[in-house]
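The values are calculated or read from the model by the stated rules, or taken from the named source; none is laboratory data. The shown structure was predicted, so the numbers you read here are calculated from the model rather than taken from an experiment. Every residue, glycine as well, gets a Cβ built from its backbone with ideal geometry; the counts of neighbours run over all protein chains shown. Heavy atoms of the whole protein, side chains included, go into the accessibility calculation; ligands, DNA and RNA do not. Shrake-Rupley method; radii C 1.70, N 1.55, O 1.52, S 1.80 Å.
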Amino acid sequence: MAERTSQRGLFDPAVADDVLAGLPPALFAEFRRKDQREKAEQYLRGLVCAEGRKSVRNIAALVGGGTAEQSLHHFITGSTWDWEPLRAALAAHLMRTCTPQALVVQTMHIPKTGEHSVGVNRLFAPQLGRMFRGQHAFGVWLASQRLSSPVHWRLHLPEPWGGDQDRLERSDLPETVGHESLGACATSVALETAHLARSGVLPVVIDLRGGQVRPAVSRFRAAGIPLLGRIGTSVPLLVADQTMPGFGAGPLNPQQILESTRGLRRPAHWPDATRRHALRTSLVSAVRVALPHGPTERPRPMLLLGEWHDPQRPPVGMWLTNLPHLPVTQLLRIAKLAHRVEQDFAEIGEAVGLRDYVGRSFHGWHRHVTLASAAHAASILTINRQKARRTY
């Protein structure tokens, strides 16, 4: 779980107009009423400039004090504006201006001290190696080597919430929202984003190590969406290339398959987003594989990609993809966009309050995280313009 990088706003309030000017007019046009547009601008200003946690109280303290707090609270939790058109407008803007290379699904853990925030539960955070109380959400980021920005979100509803009518009513949860597995939640938000952003040609980078791979692969295949899914060692695969070791041997785990093809490994160079895009080198190889299938099913060949840092040790990363025509170096660079997202989330997403919503409301959480996504986009676009000016 990323640590908060700063308690200060990303920008001084004096330059907020310049930062927010980078957002498309279509974003604000989705607010039909003038007072809603004014509240949206105030909220966005607070997200990029307010110090500390990006709560309604802290935002109101920056933009208008006590009276602003009440009206902004209503704007987020009790208003009628729909976040979906805003997300679509933001995605369209980033598709036009940033030349994204992939949609990256990023998990987001949100610690909570109470029990009433929508979706809160006891969770395990791999980054911390321990259990904590909080919410689990998935964001989908449009990502390139230069920058990344979230455009769509899905809040996971754990099983204990499914039968608790009292908590469901207090959270104002729509009847259409129910319990689903983490893997299904991550897959659903990725497919929704591909439709939302009209980005069907962009591959989806997703971590499938915590869920069932076959259902996810089937859903992406049915939707015609390119997939680059990180997998673990427990996924059974069939070698589909007759010239490769293991062909005809039945299901093997991906590490076995890759270790048997060590002679195919080649160096691949990729820019490290965590080290100012310094070029790093890994060893990679790829093998045509298929998921086990029934006697009447037709095998669907895919590509198993492996990455090594140390040639004497097991692979550090394994991915399954339906993009067999792409060179392995390009596939690895696409997979590494997950690092770009992690870096931008830690440096900018945290600072604009992606995890800072305070409240119980399902609608309030979605409205807050939508505006925080717009604040992230405005901030990272401004930062990249500043970097470009310094370069020249």
Practice task
Take the range 242-281 and flag every residue that is open to solvent by less than 40 Å² (accessible area, probe 1.4 Å), among the β-branched types (Val, Ile, Thr) and within 14 Å of VAL328 (Cβ to Cβ).
Solution key: THR261
Exercise for the section: Determine which member of the set GLU347, GLU297, GLU342 is at negative phi, surrounded by fewer than 16 Cβ atoms within 10 Å (Cβ to Cβ) and either within 23 Å of the chain's Cα centre (by Cα) or not basic (Lys, Arg) (or both). Expected result: GLU297
Exercise for the section: Evaluate the range 23-32: report whether one residue or more is among the basic types (Lys, Arg) and assigned to a loop (DSSP other than H, G, I, E, B). Expected result: yes
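Among what's in the range 142-157 and is in contact with a Leu (Cβ under 8 Å, 6 or more places away or on another chain) and without any contact (Cβ under 8 Å) to a residue 40 or more places away in the chain, pick the residue that is nearest to SER171 (Cα to Cα). Steps first, please.
The initial filter retains those residues of the range 142-157 that are in contact with a Leu (Cβ under 8 Å, 6 or more places away or on another chain), namely 142-145, 147-152, 156-157.
Now restrict to residues that are without any contact (Cβ under 8 Å) to a residue 40 or more places away in the chain: 156-157.
Details: HIS156: 14, LEU157: 12 Å.
Residue satisfying both the conditions and the ranking: LEU157.
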Problem - Top-ranked residue of the range 341-375 - restricted to ones that are touching a Pro at 6+ places or on another chain (Cβ under 9 Å) and in a loop (DSSP other than H, G, I, E, B), ranked as farthest from SER148 (Cα to Cα) - result: ARG355
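If you take the residues in the range 360-387 that are under 21 Å from GLU115 (Cα atoms) and out of contact with any Ser or Thr (no Cβ under 6 Å at 6 or more places or on another chain), which one is most open to solvent (accessible area, probe 1.4 Å)?
So the first thing to find is which residues in the range 360-387 are under 21 Å from GLU115 (Cα atoms), and the list is 360-369.
Then drop every residue that is not out of contact with any Ser or Thr (no Cβ under 6 Å at 6 or more places or on another chain), which leaves 363, 365-369.
Details: HIS363: 42, TRP365: 5, HIS366: 11, ARG367: 11, HIS368: 1, VAL369: 1 Å².
Top of the filtered list is HIS363.
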Exercise for the section: With the condition kept exactly as written, say whether any residue in the range 305-323 is surrounded by fewer than 19 Cβ atoms within 10 Å (Cβ to Cβ) and acidic (Asp, Glu). Expected result: yes
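Being in contact (Cβ under 8 Å) with a residue 60 or more places away in the chain and of a type in the set (D, E, K, R) is true for just one of ARG280, ARG276, ARG300. Which residue is that? Give the steps one after another, and end with the answer.
On the way: ARG280 fails: in contact (Cβ under 8 Å) with a residue 60 or more places away in the chain; ARG276 fails: in contact (Cβ under 8 Å) with a residue 60 or more places away in the chain.
Unique residue meeting the criteria: ARG300.
Grab the strands (runs of 3 or more DSSP E) fully contained in the range 53-154, keeping just those with 3 or more residues being among the aliphatic types (A, V, I, L, M) and crowded, with 24+ Cβ neighbours inside 10 Å.
Values: elements: 102-111, 121-125, 130-143.
In the range 53-154, 102-111, 130-143 are the strands (runs of 3 or more DSSP E) which contain 3 or more residues that are among the aliphatic types (A, V, I, L, M) and crowded, with 24+ Cβ neighbours inside 10 Å.
For the range 225-241: of the residues being without any contact (Cβ under 8 Å) to a residue 60 or more places away in the chain and of a type outside the set (Ser, Thr, Tyr), which is surrounded by the most Cβ atoms within 10 Å (Cβ to Cβ)? Explain how you work it out, then say what you get.
Just the residues of the range 225-241 that are without any contact (Cβ under 8 Å) to a residue 60 or more places away in the chain, to begin with: 225, 234, 236, 239, 241.
If we keep only those that are of a type outside the set (Ser, Thr, Tyr) too, we end up with 225, 236, 239, 241.
Working: ILE225: 22, PRO236: 13, VAL239: 24, ASP241: 14.
The qualifying residue surrounded by the most Cβ atoms within 10 Å (Cβ to Cβ) is VAL239.
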Exercise for the section: Could you tell me whether the range 276-287 includes any residue that is modelled with pLDDT of 95 or more, among the polar types (S, T, N, Q) and touching a Pro at 6+ places or on another chain (Cβ under 8 Å)? Expected result: yes
Exercise for the section: Please enumerate the residues belonging to the range 162-191 that are at pLDDT 95 or above and open to solvent by 30 Å² or more (accessible area, probe 1.4 Å). Expected result: LEU191
